[in-house]
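Read the structure below first, then the notes.
The values are calculated or read from the model by the stated rules, or taken from the named source; none is laboratory data. Just so it is clear, the structure is predicted and the values come from calculations on it, not from any experiment. Quick reminder, even Gly has a Cβ in these numbers, built from the backbone with ideal geometry, and neighbours come from all protein chains shown.
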Amino acid sequence: MTGELDDICAQVDCPKCGAELSVPYRQMRLQKAAACSCGAMIRLEDDTPIAAIQRLIDEANPPHPDNDG
Ligand SMILES: [Zn+2]
């Protein structure tokens with residue numbers, strides 16, 4: 001429907017070195033993991049910041065301007 005979601009990145013903190021990673025939404029869906037430069041593999045399946053992604057998606061694709069509560 002849209003490829004804009006692939007361009008959305010979520011910030012994930014590496015639990016090992018504390019680095020902030022920008023993980024593309026596409027990668028999160030396909031791999032459900034992010035590899036940090038320190039070698040740590042961050043599993044997103046259990047700790048997926050879906051809420052954060054949803055916010056980004058909402059910002060990228062604002063809902064219809066209907067005042068429906
Ligand atoms: Zn790291």
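Quick check on region 1-41: of everything there that is among the acidic types (Asp, Glu) and within 16 Å of the ligand (Cβ to nearest atom), which residue is modelled with the lowest pLDDT? The extreme case among them is Asp13. Scanning region 42-62 for residues being at pLDDT 70 or above and either within 16 Å of the ligand (Cβ to nearest atom) or in a loop (DSSP other than H, G, I, E, B) (or both) gives a total of 5.
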